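Worksheet for the structure shown next.
Read-outs: derived from the displayed coordinates by stated rules, not from any lab. Predicted model only: the values in this text are computed from it and were never measured. Glycine gets a Cβ as well: all are built from the backbone with ideal geometry, and neighbour counts include every protein chain shown.
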Amino acid sequence: MKIGNKIIIMGGSCSGKSTMAENLSKKFDLPVVYLDLYDPYAVPQGKERDTRKEKINQIIQQTVAKDAWIIEGIYEWYAFDERLDNADTLILLLAPAYKRIWCYLKTCITKTKRHGRQGFSAKNFRWNHIWYMLRKHDAPYDLIDKAIKNHPQLQIVKLKSYTEANEFLKSVKLKD
């Protein structure tokens, strides 16, 4: 399969968005923006949260002006339409909840460093995160569906398992 070089990666929590971005970046030498690094809700309400929101919107605007990039994450309050207007490929990672929960638990237990964040560990394991992943829509799939309808220029790649994602990484090429 051939994809464009302006790529957005979306999916539920622990679906492999950061890992996919990292692997595509290495394979094609594309810069990556990990939206989790700027999560405004990771800090208390106030000036730092507002600063994070301003910073990521500025980074997105600078990124989408370039010829090639990857933006990983959903965060609809971060220049969502601007990202979609400028992208040519949308990769959706749709691994089932039970697999993503297993990944979360394994990451917490082994303290594996994640690409887009500092990493999980047993000390920051949260039951409410498990509950969040068990919900029917832990990613705003209605928003994603609307985005797909409103952006017909996007090539959509749906990967329904970690196995499909790995096979995709092995065979994918960039369009000329």
Fill in the blank from the handout: For the chain, averaging the sequence separation of alpha carbon pairs under 8 Å that lie six or more residues apart and dividing by its residue count, the contact order in percent is 36
Exercise for the section: Let me have the 222 nm mean residue ellipticity of the chain computed from DSSP H runs of 4+ only, each contributing -39500 (n - 2.57), with the sum over all residues rounded to the nearest 500. Expected result: -13500 deg cm²/dmol
Problem - Charge dipole (debye, nearest 20) of the chain; +1 at Cβ of Lys and Arg, -1 at Cβ of Asp and Glu - result: 720
Problem - Cβ-derived FRET efficiency at R0 35 Å, E54 paired with I130, nearest 0.05 - result: 0.60
Practice task
Check every DSSP H run in the chain and write down those whose alpha carbon atoms cover 18 angstrom or more along the long axis and whose mean Kyte-Doolittle hydropathy is 0.0 or greater.
Solution key: 97-110
Problem - Amide proton proximity set for I71, modelled H, under 5 Å, gap of 5+ - result: I7, I8, I9, V33
Practice task
Can you tell me how much longer the chain between K106 and W77 gets when fully stretched, taken as 0.36 nm per residue apart minus their C-alpha distance, in nm with one decimal?
Solution key: 7.5 nm
Fill in the blank from the handout: Surrounding charge for G4, neighbours by C-beta under 9 angstrom, Lys/Arg +1, Asp/Glu -1, total +2
Handout entry: Nitroxide proxy distance, nm - points 7 Å out along Cα→Cβ at M1 and A65
Key = 3.2
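By count of other Cβ within 10 Å, fewest leading, how are I8, I144 ordered?
Fewest to most other Cβ atoms nearby, the residues stand as I144, I8.
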Practice task
Compute the separation of the alpha-carbon centres of segment 157-176 and segment 4-25 and state it in Å as a whole number.
Solution key: 10
